[in-house]
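Some notes on the structure that comes next.
Coordinate-derived values only; no laboratory data. None of the values given here were measured: they were computed from a predicted structure. We place every Cβ from the backbone using ideal geometry, glycine too, and count neighbours over all the protein chains shown.
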Amino acid sequence: MRINHAARICALSPSELEDFVDDWVAQRCKDYHAHELWRGTGDMGRDVTGYVTDRRLEGPWDNFQCKQLSSKLSEHSTFVELGKIFKNSADGAFSLPRAYTFVAPYGLVRNARDYIAHPEKFRQAFLDRWDTYIAKDLVENQVVNLTPEIEAKIRAFDFKRVDWLDAARLAKDPACKPALVAWFDADPGPWPRGAVPDEIQASESAYISQLLKVYDEKGPGTYPDAAAALACPEIGPHLRIQRTRFFDSVAFDRFYRDSTPDGTLKNFRDEIYHGVVDVHHGAHASRFTRLGQVMQQAAVLHPSGVLGKHAGPQVKQGTCHLLANEGLLPWDR
């Protein structure tokens with residue numbers, strides 16, 4: 001049965017929505033210098049901010065304004081929330097944001113969406129309606145009339161960079177997947193199989209150099225490089241299998257690094273390591289025998305967590321090669 005994650009987002013409390021969006025922004029804004037969650041009164045129209053540079057609010061930044069309501073965000077609230085940015089920027093609190101996104105799980109009313117869809121119409125409406133529609137609702141018990149400074153901010157802002165997300169659009173954003181996994185135990189989905197390049201890559205040089213020593217010990221010959229091992233009828237097929245396992249595990253890591261919360265892959269690797277390390281350190285007749293015993297043990301492990309169901313034998317075995325690359329399970333010791 002398909003789980004309705006949008007409905008779950010709609011059920012979050014206002015503070016939970018801010019935390020959820022903060023987790024989403026952490027993934028969506030990987031190219032940003034940093035991000036920050038603002039909470040409670042005095043946020044000056046900011047909820048979650050993404051900073052492009054280390055200048056933070058003095059440089060380019062994006063604002064994500066969270067509005068957890070029981071219905072769609074009104075046209076009036078749309079003007080007031082964005083108006084807070086113009087007012088506080090005119091007061092010198094921060095530079096204008098590069099982009100502004102309303103995150104309203106139930107969406108926006110049609111008139112508000114229409115303004116966002118017509119950037120210059122939106123700008124002119126701010127100028128025309130400020131004193132009668134916005135001024136009295138920006139600050140409690142105060143009327144904030146349109147000053148030359150505020151007008152300059154409205155004219156300077158790029159209204160094409162205003163957008164909105166409801167719960168359905170947010171849940172479909174690829175960068176939202178780690179937040180859905182963390183908050184609702186969502187399934188990140190299957191990973192794409194790895195492709196094995198013909199040429200030996202730098203990323204696999206460590207474990208392959210270790211395997212060459214294992215193969216030297218086994219015989220029937222010596223193997224100064226991977227090409228020699230691959231050309232050997234006895235050793236070549238075995239090395240090809242190990243490379244398939246390695247690149248499957250690389251593809252597995254790459255996919256779930258972007259679709260699961262921080263720490264998920266580390267926990268998976270830790271479980272693989274602890275599941276095979278005693279076999280690796282045990283007494284064996286040869287290095288090749290030890291390699292085979294570790295591979296057999298890895299294949300039957302049942303890792304916990306969301307990744308366990310997606311990790312087939314080849315991924316668990318390939319993870320051992322990743323650990324060998326890192327010196328944690330060296331094959332030539």
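Of the residues THR41, THR101, the one with the fewest other Cβ atoms within 10 Å heads the list, and the complete ranking is THR41, THR101. Over the residues of the chain, the helix contribution to mean residue ellipticity at 222 nm works out to -15500 deg cm²/dmol, using -39500 (n - 2.57) for each DSSP H run of at least 4. Scanning residues 5 or more positions from PHE102 or on other chains, those with amide H under 5 Å from its amide H are GLN65, ASP163, TRP164, LEU165, with H placed 1.01 Å from N in the peptide plane. Could you sort out which of LYS67/LYS309; LYS72/LYS136; LYS218/LYS266 sit more than 24 Å apart by Cα distance in this structure? Violating the 24 Å limit, Cα to Cα: LYS67/LYS309; LYS218/LYS266.
Sorting SER259, SER95, SER15 by the number of Cβ atoms found within 10 Å of their own Cβ, with the fewest placed first, yields SER15, SER95, SER259. If you take every DSSP beta bridge fully contained in the range 5-184, what fraction is antiparallel? Give it as a percent rounded to 5. For the range 5-184, the DSSP antiparallel bridge percentage is about 45.
Each DSSP beta bridge with both residues in the chain is either parallel or antiparallel, and the antiparallel ones are about 45%. Using the Karplus relation 6.51 cos²θ - 1.76 cosθ + 1.60 with θ = phi - 60°, the per-residue 3J(HN,Hα) values for the range 225-231 come to 8, 5, 4, 5, 5, 5, 7 Hz, with x marking Gly and Pro.
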